[in-house]
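Report on the following structure.
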Amino acid sequence: MTDPFIPNSPAGRSPGGGHTSLFATALAQLERGADLIDLPNDLRSILSQPKNEIIVNFPVKMNDGSYRVFRGYRIQHSNLLGPYKGGVRFHPMVDLDEVKALASWMTWKSALCEIPFGGAKGGISFDPSGLEADELERVVRRFTHALGSNIGPDHDIPAPDLGSNAQSMVWMMDTYANSTGAAERQNVKRVVTGKTLETGGSPGRDKATGQGVVFCLQHWADEVGFDLSGASASIQGFGNVGGATGRILQVHGTKVVAVADHGGAITDEDGIDAFDLTDWVHQNGTVAGFPDAMWIDPDDFWSIQSDILVPAALENQITVDNVAQIQARVVVEAANGPTTLEAETALTQRGIDVLPDILVNAGGVVVSYFEWLQNRSAEQWDLDDVDHRLRETLWRACDAVVNLREELEVESRRDAAYALALRRLQVVYEQRGIFP
């Protein structure tokens with residue numbers, strides 16, 4: 001089993017083998033947005049680094065009787081607008097550079113969507129699929145205990161991310177609740193979001209990010225006069241986000257013509273049934289072997305002709321090595337940081353729109369906010385209400401980005417989104433000041 005202290009596959013490693021710092025990319029994006037609004041240098045300095053970087057090393061007893069030491073992270077980027085908020089990632093690639101970038105992106109997402117959260121991210125460097133269920137539970141509970149008071153329902157609120165799920169959040173919640181006073185144990189359900197419905201989760205949270213992806217894509221389609229019905233889409237990554245995106249697009253009449261994940265790539269120009277593929281992936285863990293599509297070399301995935309390309313896997317997937325193969329009309333960043341700076345420039349030069357991650361995949365944090373509100377008031381909304389509120393929130397954010405893009409006369413939607421988020425943060429900094 002891989003030593004978690006030795007990153008055998010560092011975050012930010014591109015398919016071509018070169019190393020791209022994800023946090024350096026995040027800082028470059030920040031600077032571009034800041035330049036557009038002449039953000040003062042002191043605020044740039046503050047926002048360019050997280051407020052807190054928490055690293056915990058904790059032992060866990062394995063089923064063979066041995067102890068293994070795990071390394072976990074919790075990066076708290078900003079709490080200017082509200083409690084720190086962000087997912088917890090379980091993956092061998094998790095490292096400090098990656099989590100710092102992801103935490104900063106959470107700050108911009110919350111600001112864009114005008115929800116009262118800040119930005120954070122966490123993770124543990126390990127492969128959860130290599131553990132038995134009871135071992136995984138002990139890892140999650142020990143991690144939660146190690147974080148201690150660094151998380152809390154009005155301080156820092158974790159959520160699921162790559163490799164973690166609703167059950168992980170329930171274990172985190174239960175561990176935290178049993179570490180508080182008896183009188184408070186029923187008041188701390190909102191310490192995490194993304195829980196199961198039975199333990200206080202929200203309807204629609206499991207599909208929230210994918211649903212948000214399609215809402216933002218529909219806004220773009222209305223803006224440019226594009227019809228999703230009859231369009232084609234390629235999706236890289238078919239987990240929670242990619243799978244939900246594919247199913248929702250299919251309901252809108254869009255054909256999913258290619259899908260790739262860690263196990264392989266498949267295609268069918270007549271359309272892959274996203275619902276059947278979801279069932280297959282749940283049973284087999286990968287799209288590989290799906291009987292109702294043709295297998296292709298994963299490197300050929302990028303050259304499949306489709307109107308919509310949805311990278312919904314890991315960061316740094318669209319690079320200078322494969323960008324020339326892409327034939328899509330629009331790239332919809334369902335994943336965090338899937339496009340390198342150089343690749344984005346190449347896409348823009350070819351007239352391919354890029355819908356940025358900090359807007360497109362914000363549906364998860366928005367519905368997490370809804371879950372947090374439901375827990376505070378001890379109620380549960382219905383799915384239609386959640387979806388309606390999510391659409392309204394993201395539609396306003398998309399409108400604001402389009403308007404600012406026109407006002408600033410910039411081509412990049414990402415730059416406009418950053419400028420909008422930073423402008424909102426700047427106003428609050430100017431009104432609150434910096435203590436003391």
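The values are calculated or read from the model by the stated rules, or taken from the named source; none is laboratory data. Computed from a predicted structure; not experimentally measured. As a convention, Cβ positions derive from the backbone with ideal geometry for all residues, glycine included, and neighbour counts pool all protein chains shown.
Which residues, counting only those in the stretch 209-240, are over 20 Å from Arg389 (Cα atoms) and among the β-branched types (Val, Ile, Thr)?
Answer for the stretch 209-240, where residues must be over 20 Å from Arg389 (Cα atoms) and among the β-branched types (Val, Ile, Thr): Val224, Ile235.
Taking the options Gly163, Gly201, name whichever one is at pLDDT below 95 and either in the same structural domain as Tyr84 (by TED's automatic domain parsing) or assigned to a loop (DSSP other than H, G, I, E, B) (or both).
Just a single option satisfies the conditions, and that option is Gly163.
Look through the stretch 248-278, keep the residues that are among the charged types (D, E, K, R) and in a loop (DSSP other than H, G, I, E, B), and return whichever of them is nearest to Ser306 (Cα to Cα).
The extreme case among them is Glu269.
Just checking, how many residues over the stretch 170-189 are touching a residue at least 40 places away in the same chain (Cβ under 8 Å) and either closer than 25 Å to Gly239 by Cα or among the β-branched types (Val, Ile, Thr) (or both)?
Looking only at that region, the number is 1.
Filter the stretch 59-111 for residues that are charged (D, E, K, R) and not in a helix (DSSP H, G or I); which is farthest from Thr209 (Cα to Cα)?
Checking each candidate, the answer is Asp64.
Could you say which residue among Gly246, Gly264 is within 19 Å of Ser129 (Cα to Cα) and crowded, with 17+ Cβ neighbours inside 10 Å?
Among Gly246, Gly264, only Gly264 is within 19 Å of Ser129 (Cα to Cα) and crowded, with 17+ Cβ neighbours inside 10 Å.
For the stretch 328-436, which fully contained helices (runs of 4 or more DSSP H) count at least 3 residues that are charged (D, E, K, R), in the same structural domain as Ala312 (by TED's automatic domain parsing) and over 22 Å from Glu315 (Cα atoms)?
Per the criteria, 383-408, 413-432.
Just to be sure before I move on: is Ala111 closer than 25 Å to Cys398 by Cα and either modelled with pLDDT of 95 or more or out of contact with any helix residue (DSSP H, G or I) (no Cβ under 7 Å at 6 or more places or on another chain) (or both) in the structure I sent?
Spelling it out, Ala111 is indeed closer than 25 Å to Cys398 by Cα and either modelled with pLDDT of 95 or more or out of contact with any helix residue (DSSP H, G or I) (no Cβ under 7 Å at 6 or more places or on another chain) (or both).
Here are some residues: Gly181, Gly201, Gly152. Which one is within 21 Å of Ala378 (Cβ to Cβ) and buried (at least 21 other Cβ atoms within 10 Å of the Cβ)?
Gly201
Taking Ile124 and the conditions (1) buried (at least 19 other Cβ atoms within 10 Å of the Cβ); (2) closer than 30 Å to Arg391 by Cβ, which numbered condition does it fall short on, given that it satisfies the others?
It fails just one condition, (2).
Would you call Val214 without any contact (Cβ under 8 Å) to a residue 60 or more places away in the chain, buried (at least 24 other Cβ atoms within 10 Å of the Cβ), assigned by TED's automatic domain parsing to the domain that holds Phe70 and more than 20 Å from Val60 (Cβ to Cβ)?
In short, no.
Val170: closer than 19 Å to Ile75 by Cβ, assigned to a helix (DSSP H, G or I) and more than 19 Å from the chain's Cα centre (by Cα), yes or no?
no
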